[in-house]
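A short write-up of the structure that comes next.
The values are calculated or read from the model by the stated rules, or taken from the named source; none is laboratory data. Since the model is a prediction, treat every value here as computed from it, not as a measurement. Every residue, glycine among them, receives a Cβ derived from its backbone with ideal geometry; neighbour counts consider all protein chains shown.
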Number of protein chains: 2
Amino acid sequence: MGLFTKDIKNMDDLFIHQLKDIYYAEKRIVGTLPKMIDKATSSELKQGFEKHLNQTKNHVKRVEQVFELHGVAADTVTCPAIDGIIREADEVASDVDNKNVLDAALIAAAQAVEHYEITRYGTLIAWAKELGAEDCADLLDQNLEEEKEADEKLTRLAESSINRAVA
Amino acid sequence: MGLFTKDIKNMDDLFIHQLKDIYYAEKRIVGTLPKMIDKATSSELKQGFEKHLNQTKNHVKRVEQVFELHGVAADTVTCPAIDGIIREADEVASDVDNKNVLDAALIAAAQAVEHYEITRYGTLIAWAKELGAEDCADLLDQNLEEEKEADEKLTRLAESSINRAVA
């Protein structure tokens, strides 16, 4: 987007801008999850991240379908929010000196990522519906539901990891 | 936190680190909301942000109480996540050329902030309980409930702003 021009003129422009933002975010998450799988120490957490990596690759494809349905070329805009969330995750993880505590920190970081996606998909779905793009809303809703499930699963995994870390 | 030393040795260290992170985030939000109040065009949204600014000032105080109860001095760590979320909000808002679309963009940005806080408070409460710090958990839960209410209110405001923007 231009630095001196105001490129977002209407809700459709805003929707496309936000779609490019989540497309960038999903792709960054695909690049980041393998590192989190490597760092995770409990096999349950590793498996959870592996499953979510496969889901995330599918989310990228669904976002590409939304671009196509909406008649615009798939493209990204840099998303400082997800960059910041991932940078914070890296910094905290590299500062932890105990494997159970590390798992707790990784789960918290992953939940921050999930919540970012949950809020963005919630917004995108509301905008798509208002724009009459029900087909786009349906696809985006499939991603949203999987992000919510992933967040709930992480909450359950958090309990066992914290129990081990405090024990 | 040190660059070459691993400063987080146990769950208590991780809890305090995350508390410093949300303390930084809440303070940044106190600094950012007045700009969002200025930019917002609907009086309902302006009032919503003003109310949340007062709540946020109170959240800062509650986090300070948690530090005190936990026996550590209130302090911040830079939180790249909230910095990124706020930078993204600024960038999008400066790129919008329509007041109703701007309100929709501001609401989406504010909801990204709320969701970041919701995930962090959720994590902090779980950790506080595991550490036996029920008094800290209670205070953090009061902040969490107000963030959730703010998010729900923004969802309702979003509907009317999008209706105006699409009309």
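Please indicate, with yes or no, whether at least one residue in the range B:85-94 is without any contact (Cβ under 8 Å) to a residue 12 or more places away in the chain, within 9 Å of chain A (Cβ to nearest Cβ), surrounded by fewer than 21 Cβ atoms within 10 Å (Cβ to Cβ) and not in a helix (DSSP H, G or I). Yes, because at least one residue in the range B:85-94 is without any contact (Cβ under 8 Å) to a residue 12 or more places away in the chain, within 9 Å of chain A (Cβ to nearest Cβ), surrounded by fewer than 21 Cβ atoms within 10 Å (Cβ to Cβ) and not in a helix (DSSP H, G or I). Beta carbons closer than 7 Å, at least 6 apart along the sequence or on distinct chains, pair a first residue in the range B:141-164 that is over 11 Å from B:His52 (Cα atoms) with a second that is among the small types (Gly, Ala, Ser) for B:Leu144/B:Gly122; B:Leu157/B:Gly48; B:Ala158/A:Ala126; B:Ala158/B:Ala104; B:Ser161/B:Ser42; B:Ser161/B:Ala104; B:Ile162/A:Ala126; B:Ile162/B:Ala104.
Kindly indicate whether any position in the range B:134-142 is in contact with a Lys or Arg (Cβ under 8 Å, 6 or more places away or on another chain), part of a helix (DSSP H, G or I), more than 12 Å from chain A (Cβ to nearest Cβ) and over 25 Å from B:Ile8 (Cα atoms). Yes - at least one qualifying residue is present in the range B:134-142. Looking only at residues in the range B:102-133 that are part of a loop (DSSP other than H, G, I, E, B) and among the aliphatic types (A, V, I, L, M), the one that is nearest to B:Tyr23 (Cα to Cα) is B:Ala133. Annotation note: Cβ proximity below 6 Å between a residue of the range A:63-78 that is among the charged types (D, E, K, R) and a residue that is surrounded by 14 or more Cβ atoms within 10 Å (Cβ to Cβ) (sequence gap 6+ or interchain) occurs for A:Glu64/A:Ala74; A:Asp75/A:Lys20. Each residue in the range B:95-118 was checked for being surrounded by 21 or more Cβ atoms within 10 Å (Cβ to Cβ), over 25 Å from A:Glu114 (Cβ atoms) and either within 10 Å of the chain's Cα centre (by Cα) or in contact (Cβ under 8 Å) with a residue 40 or more places away in the chain (or both), and 3 pass.
Just to be sure before I move on: is B:Val60 of a type in the set (A, V, I, L, M, F, W, C) and under 25 Å from A:Pro80 (Cα atoms) in the structure I sent?
yes
When A:Lys99 is tested against (1) under 13 Å from A:Gln18 (Cα atoms); (2) more than 9 Å from chain B (Cβ to nearest Cβ), exactly one condition is not met: (1).
On the basis of being under 23 Å from A:Lys148 (Cβ atoms), out of contact with any Asp or Glu (no Cβ under 7 Å at 6 or more places or on another chain) and not polar (S, T, N, Q), does A:Ala108 make the cut? Answer is yes for this residue.
Among residues belonging to the range A:143-167 that are small (Gly, Ala, Ser) and in a helix (DSSP H, G or I), point out the one that is surrounded by the fewest Cβ atoms within 10 Å (Cβ to Cβ). The selected residue is A:Ser160.
The lone criterion from (1) closer than 15 Å to B:Asp12 by Cβ; (2) within 11 Å of chain A (Cβ to nearest Cβ); (3) at pLDDT 95 or above left unmet by B:Glu130 is number (3).
Residue check: is A:Leu69 more than 21 Å from B:Thr123 (Cβ to Cβ), crowded, with 16+ Cβ neighbours inside 10 Å and of a type in the set (A, V, I, L, M)? So A:Leu69 does not fit the description; no.
Exactly one residue out of B:Leu19, B:Leu33 is within 17 Å of the chain's Cα centre (by Cα), within 14 Å of chain A (Cβ to nearest Cβ) and surrounded by 15 or more Cβ atoms within 10 Å (Cβ to Cβ): that is B:Leu19.
The set of residues in the range B:4-16 being facing chain A (nearest Cβ under 7 Å) and either under 24 Å from B:Ala112 (Cβ atoms) or in a helix (DSSP H, G or I) (or both) consists of B:Met11, B:Leu14.
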